[in-house]
C-alpha cells in the first residue's frame, strides 16, 4: 500500500512537472534563433524610462549575453549591455503599439542621442529635413557583412568608406574600424561617464566635448591611405584592445550559420475535376532555428528555385520546383531583416524589401548563405508606429523598383500618428537604387501592388479613414505625376490633387484586406486570357479576376472570384515560366486564412473551363457579360437567373462607410456619415433586371438594368448553365462611373 | 409661459403626432413579419410575428386572448429569397406541422420531431408561405422552423426572410394589445382591484408598483414637488403619474403645496451631502453622459421637454437635494423597483461626476409654470394624500378604503368611452386625469371590449416584446435591420467628449443587435445580463456598458428565449469528446484559424486585436446556444452585416481542407467541444 502511494506520489510529481513545463513553455519568439544581427525598431531603458532607442536599429548579438545596438540612421552605437530583450512588436508578440525593448537598465554605456560622426563642419547637429527621421547627408549606412557570427558594419562618413566591427571579451567591448583615405579628420562621438573607461589606438585622439558633458570626442586624423584603429570600452580602468581584425577576410564571406538543408515533400493535387488544382509546397516549419515561417514576399531565382522572405526577418531559398516535389530543399540564407514583405530577383540578384531598406543579398563564397547585406536603397522614412508596414517589391520593364507603404494607423484602426513623407505612398526606385520618387500618395494600408505589362501601377487598399472600403487603385501606363488615392492624412505634397478614383470598390464581403495584383503573362495557360489582371484578397483568401472597362485614359470595371482554394491568405503571386501561378500568404492581421502561412502552386486544368465571365461592358441601359462557354439560352431568358443591386459609399474622415442609395440619395445620411461612422447605414437599391438577352456568340449576356447609372458598387449575381448543363453561378461586383 | 390647458393641448398634439409616427414605424416593421392566426375552438386571435416560433409551458397561453389549452396557429405571408435557392425545410419542437410554399405542400401534418421536406427550388423574390402548427394534446408546445441549402447549414429561418402586410384583423388585434398594455402600465388595477387574484400567469406589469415615497424629504426639493404635483405631464410628458389637482384654480395650487409639504416631511434621516461647485467634475461627468449613451432615453439636461419620447433632465438641479442624485444614479431602483432607468453600475467617482454634470447643466433650465404657490400645510397634505388614494400606487402612502374605486370586474361591465378615466374630459367626472392621448383612449376602449380574462393569462414572449418597447432596448440595440435610436441620437452629446479625441481612436464600439438574441444567448445568460450579475463582461473594450434592469430580468429573459422557440430550461450537460476538442484547440490557435488574434481567453488577451475585438472565447460556451454558434461560424456577415469576423467557410466547405475532410460543420463542432473545455472565467 505504501509502495502504491509512493508510486502515485511520484506519478503526480511527474505530471505536475509536465504541466508546469507546459504552462511555462517559452513563446516561439523566445526560442527562435534570429542570428547575429537583427534589424528592428528598438526601445531601451534610459534612466528607468523606456524610449525609442533606434527606429532603424540593428541589434548585434556579441555572444555570451552581450549585445550592442547600432542605429543605421545616425550610425551611432546606441548602447552596449549584457542582457536580453523584453518582447513586444506586432510580428513577435502580436501586440500593437509596443516594442522590443532592450533590457539595458545597467548598460556598459549608452551614447548620447544624435548622429555619431561630425559633419564636414564638425557639427553633430541634426540637419535632416525632418529632425529625428531619415538619412543624414554626410553619414550613410551601406549595409553590413557577415562572417560567421561576426557582423561588420559598412558606412560612409563625409565621403569616407568605413568598416566597423565589434568584439566583446569579458567586460570589454572593442570597436574596430577601417577607414578609407580621408582629406579631413573624422570625429566620432563617444559616451562619457564616471565609471566608463576607454582605451584607443594611438591614431585616435580622445578629448572631452566642451559642449556636452556626456560626450567625448574621438578624432582620427586625415590620411592619404586607408587606416585602421580601435577603441575599447570597459567599466574597469585601462581596457585592453582586442586583436586587430582582418577586414579583408571578414568581408570576403565566412562560415555558414545555417548549414542544414531542410527537405520537405510537396503535396501535388491530382484533382482532375476542377478548373484549378492547388499544390502545396510544404514549409520547413520544423527547423533547427525554430524560425517562425510566415512568408510575405517571394520571387523565382530561376525555374527551379525561389527566394522567400518571412515577416520575422528570414530569407529562405527553396529548390526543386521543376521536379516532382518529392524532395524540396529549403535553405535559410539570411535572417534578422526588418519585417521584409517583398522580394524581387533581378538577373539572379535577390532584393528584399524591409521596413528599413531594400537590401541586396550577396553570397560571397558560394555556400548559398548571405555574406553581404548590401543596402540598395534606404531613403524610405520610417517612424516607430507599428502599422506602417512596407509591402511588396516589383519592377517594371525598365528595371525600376516599386513598393507600397502603409500610413501610421493608430492601434484602434482609427486616426493616424505623425505622418512622414513615405507614409501612405507608392514609391519608385531607379534601377541603380540611387533615386526614390513617390508615384502615389493617399494610401492607408496598401497590402500589395502590381506593375502591369506596360507599366500600369495598381495597389490594393483597406477600409479606414477616407477609405470607404477595400478597392483596386489603378494608374495607366505613362501616367504623369504622382496620384492621390484618397487618404487625406497621407496626401503628402499633393495639396490640390484630385482624388484618383479606383478601378473598382470592393465591399467587405468581397475583400476586407487587399494583397497584390498580378497580370497573366503571355503564353501562360491559366484558364483566363493573357493580360488579365488578377487581384489578391488577403482578408478573404481568394483570387479575383478583374474585368476592366475603358474609362477615358484609365479604367473602371469589376471583379469575379476565381474557383481557387488556398490554404492561407492571398498576399503575393508570381507566374512561373511554366504558366502556373505561385501564391504566398500568411496570417498577421485580419483574414480568414486557414493556416498561418502557405506557399502554393495553382495550375489550370485545361479539361475544366473556368466558369467565370471573361469580359464586361457597360451599355447605356445595362451591362454585357461574356462567359467562356456557350450558355443555355433558356436560363439566360429567365430573368430570375439574375439579380442586381447598386449602392454608393461616403468617403470621409470616418472609418469605412455604410452603403447608401444611389436611386434615392439620402443627403442627410451622407452628410452625417462625414461626422460619425456610418457602417450601420445599409441601403442598397434593388435593380429590376428588365431584359436579358443572349447575343449571337452564344456566350454574352446583355442585361437591361432599370435606371442604369453610375454607382460605386453594382452587384450582379447570375445562376446559369452552359450548353452541357454545367452550372455557372457567381457574383460580379463592379464600379460604374459616369464618364 | 403657457397655461396648463394650452400646454396640455400642445403636448397632446405632439404626442398624437409622435404616436402616429410610432404607429407608422410599427406598420413598416410589421411588413417584415408574418401574419399569425390562432384558432381555439370558436375563438380566434391575430398577431404579426417576426418569425414562426413559439415555446409554451403547459399552463401558458398562446396569446393573452386565448386560454392555456389546445390551439392551432397558421402563419401566412411571403418568404423572400435573394437568389435562386434549392431549399429543404424542417421543424423542431413538439406538435404537428404542415408547411406549404407557393401552394405546394412541403410538410404535411408532420408530427414533431419529424422529417425534413424534399428540396424545393425557389427563384429569387417572394413566395407564398403558410405554416400551420397544432399544439400537442399534453405537455409543452414548441416550434422552430428551419431551412438549409447547399450554401448554408440547417438553421432557423431568420426574421428578415419573411414579409407580410397587416390586415384588418391584425390591426385590430394590435390595438387590443396596445390597450391592454396601457391598462397595465397606467396602474389601473391599483385602483380597480380584482376581487380575486389574477393567478400565476397574470401580466407581470400588473405587479409593478409606483415609486416608494418614504424618504422623499431626503431626496427632493419642496419646490419641485409642488410643480410636479401640479403639472406632472408638463414636467415629464411620458409619465404615468395622473394629474390629481387642478393647478388652474387656487385650490389646486394649495393642494399641490400641501401635498409637497407633507412629502418633504417624509424623511428617513439621510443627511444631505452638499458638493461644492466643481466645473472639472461636471466636465468629466459630461463624458460619462456621452459614453453611456444617455441621450438614447434622455434629452440633454439644458433642454426642456420638447421631445416627448425621451425623459427630460432639465429639472434635475431643482429636484434633487444635494447629494441625493449620486445615490439615485448608483442604484436607481432603490425607491422605485420598476423604474425604467437601469443601473449602470457606476463607481463612486462616475456617479459623482455624472451628478455634477447633470446638476450644473440643468441649472436655470427648469420648467417654469408661471404659478404662484401658496405655503403648504403638511397636515392638510397628509389628509389629501389619503383622500387621493396615493397609497394604492405608492406603497406605504395613505389610502382610504371608504373611497375605493370600482372593482376590476365592475369596470369591465362599463363603456369606457362614455365614462370613467378613459372617457373624454367632459365625460370623465371626478376620475383622475391620466396621461392619455386620444389614440390611447381608443386603444383602451377597444381592449375593454375583450373583457378582463387576458389580464390573467399572459404570454411570456409578448411580455418581452412589450418590454423591449417600454424599456427602450432599441435605443441602444439594433434589431431586425433597424438601427438603434442611439445610432442617430448619440451625436447630440458628442460635443461633451470632443475634448478627448482619443475616444475616437478606439477599437470598434458597436453594440450587439437583438435580432437573434433569443437564439443567441442561453436564458441564464440573458437573465444574468439583465440582472447585472454577470461576473465578467463579454465585451470589455466597449466604452458603453450594458446596464441592469434588475427587476425585469427573469420574465424578460424567458420571453426572449421563447420568442425564438427555445425553452428556458438549462441545456443538458455537454459531453466533450476529447479527440474533437483537441482538433478544436488546434483550429482556434495560431496554427488554425487564429481565433486568439482577436479573441481573449480568460486573462490571455487577444494577440493582435486591431480595429475590432471579439468576445471573450472562454465565455462562449456558457453564453451561446449551439444553434446560434453554428449560424455565426458559418456566415458571420449574415448575422451582423459589416462584421470584421472573417468567414472561414464557403458553401459549407472550410478554408482548412486538411482537417476533418474540410467539412466546415465538423470543424466548427470541434471548436464547440474545445470551447467547453475552457475553464470559466474567474476559475
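Quick notes on this one:
- Pairs with Cβ under 6 Å, 6+ apart, first in the range A:55-77 and touching a residue at least 40 places away in the same chain (Cβ under 8 Å), second surrounded by fewer than 22 Cβ atoms within 10 Å (Cβ to Cβ) and outside any strand (DSSP E or B): A:55/A:384; A:61/A:36
- Test result for residue A:405, touching a residue at least 24 places away in the same chain (Cβ under 8 Å) and more than 16 Å from residue A:460 (Cβ to Cβ): no
- The condition of being crowded, with 20+ Cβ neighbours inside 10 Å, touching a strand residue (DSSP E or B) at 6+ places or on another chain (Cβ under 8 Å) and within 11 Å of another protein chain (Cβ to nearest Cβ) holds for only one of B:548, B:513, that being B:513.
- Only residues that are within 14 Å of chain B (Cβ to nearest Cβ), within 19 Å of residue A:562 (Cα to Cα) and either at pLDDT below 95 or touching a helix residue (DSSP H, G or I) at 6+ places or on another chain (Cβ under 8 Å) (or both) were counted across the range A:691-727, and they come to 5.
- For first residues located in the range B:115-131 and more than 14 Å from every other protein chain (Cβ to nearest Cβ), partners that are in a strand (DSSP E or B) and surrounded by fewer than 16 Cβ atoms within 10 Å (Cβ to Cβ) and lie 6+ apart or on another chain with Cβ distances below 8 Å form the pairs B:119/B:86; B:120/B:86; B:120/B:104.
- Applying the criterion of being within 14 Å of chain B (Cβ to nearest Cβ) and assigned to a strand (DSSP E or B) to the residues of the range A:404-435, the residue that is surrounded by the fewest Cβ atoms within 10 Å (Cβ to Cβ) is A:416.
- Hey, residue A:462 within 16 Å of residue A:504 (Cα to Cα) and part of a strand (DSSP E or B) or not: no
- Selection from the range A:470-511 of residues that are within 18 Å of residue A:404 (Cα to Cα), within 14 Å of another protein chain (Cβ to nearest Cβ) and either modelled with pLDDT under 95 or crowded, with 24+ Cβ neighbours inside 10 Å (or both): A:470
- Condition met for residue A:675 (surrounded by fewer than 18 Cβ atoms within 10 Å (Cβ to Cβ), within 14 Å of chain B (Cβ to nearest Cβ), under 36 Å from the mean Cα position of the chain (by Cα) and free of Cβ contacts under 8 Å to residues at least 24 places away in the same chain): yes
- If the condition is being more than 22 Å from residue A:81 (Cα to Cα) and in contact (Cβ under 8 Å) with a residue 40 or more places away in the chain, then the range A:216-243 contributes A:220, A:222, A:223, A:224, A:225, A:226, A:227, A:228, A:229.
- Residues that are away from chain B (no Cβ under 14 Å) and either closer than 30 Å to residue A:51 by Cα or within 18 Å of the chain's Cα centre (by Cα) (or both) were ranked within the range A:384-399; the one that is surrounded by the most Cβ atoms within 10 Å (Cβ to Cβ) is A:392.
- When the range A:85-101 is limited to residues that are more than 19 Å from residue A:383 (Cβ to Cβ) and in contact with a strand residue (DSSP E or B) (Cβ under 7 Å, 6 or more places away or on another chain), the one that is surrounded by the most Cβ atoms within 10 Å (Cβ to Cβ) turns out to be A:85.
- Residue B:607 vs. criteria within 21 Å of residue A:413 (Cβ to Cβ), crowded, with 16+ Cβ neighbours inside 10 Å, under 35 Å from the mean Cα position of the chain (by Cα) and touching a residue at least 12 places away in the same chain (Cβ under 8 Å): no
- Strands (runs of 3 or more DSSP E) contained in the range A:531-598 and holding at least 2 residues at positive phi and not assigned by TED's automatic domain parsing to the domain that holds residue A:274: none
- Complete set of residues in the range A:61-84 that are surrounded by fewer than 22 Cβ atoms within 10 Å (Cβ to Cβ) and either within 14 Å of chain B (Cβ to nearest Cβ) or under 28 Å from the mean Cα position of the chain (by Cα) (or both): A:61, A:84
- Here residue B:637 qualifies as within 24 Å of residue B:541 (Cα to Cα), within 13 Å of another protein chain (Cβ to nearest Cβ) and in a helix (DSSP H, G or I).
- Within the range B:491-506, if we keep just the residues that are modelled with pLDDT of 85 or more and out of contact with any helix residue (DSSP H, G or I) (no Cβ under 6 Å at 6 or more places or on another chain), the residue that is farthest from the other protein chains (Cβ to nearest Cβ) turns out to be B:499.
- Count of residues meeting criterion [in a loop (DSSP other than H, G, I, E, B) and over 30 Å from residue B:475 (Cα atoms)] in the range B:255-304: 14
- Residues of the range A:570-595 satisfying the condition of being within 14 Å of chain B (Cβ to nearest Cβ), closer than 14 Å to residue A:294 by Cβ and modelled with pLDDT of 95 or more: A:585
- Matching option when the condition is surrounded by 18 or more Cβ atoms within 10 Å (Cβ to Cβ), within 14 Å of chain A (Cβ to nearest Cβ) and within 26 Å of the chain's Cα centre (by Cα), among B:556, B:624, B:542, B:587: B:542
- Across the range B:642-668, the qualifying residues are those that are closer than 19 Å to residue A:730 by Cα and within 11 Å of chain A (Cβ to nearest Cβ), and the one among them that is nearest to the chain's Cα centre (by Cα) is B:647.
- Residue B:376 being farther than 29 Å from residue B:182 by Cα and either in a loop (DSSP other than H, G, I, E, B) or in the same structural domain as residue B:533 (by TED's automatic domain parsing) (or both): yes
- Near pairs, Cβ below 6 angstrom, 6+ apart or cross-chain, from the range A:351-367 (on the phi < 0 side of the Ramachandran plot) to any residue that is surrounded by fewer than 17 Cβ atoms within 10 Å (Cβ to Cβ) and part of a strand (DSSP E or B): A:360/A:349
- Taking the range B:450-482 as the range and being touching a helix residue (DSSP H, G or I) at 6+ places or on another chain (Cβ under 9 Å) and free of Cβ contacts under 8 Å to residues at least 60 places away in the same chain as the test, the residues that pass are B:468, B:469, B:473, B:474, B:477, B:478, B:479.
- Condition met for residue A:651 (surrounded by 15 or more Cβ atoms within 10 Å (Cβ to Cβ), away from every other protein chain (no Cβ under 14 Å) and within 26 Å of residue A:415 (Cβ to Cβ)): yes
- The range A:654-672: number of residues that are within 11 Å of another protein chain (Cβ to nearest Cβ) and under 35 Å from the mean Cα position of the chain (by Cα): 6
The values are calculated or read from the model by the stated rules, or taken from the named source; none is laboratory data. Given the structure is predicted, the values throughout are model-derived calculations rather than measurements. So basically every Cβ, Gly included, is an ideal-geometry build from the backbone, and we count neighbours across all protein chains shown.
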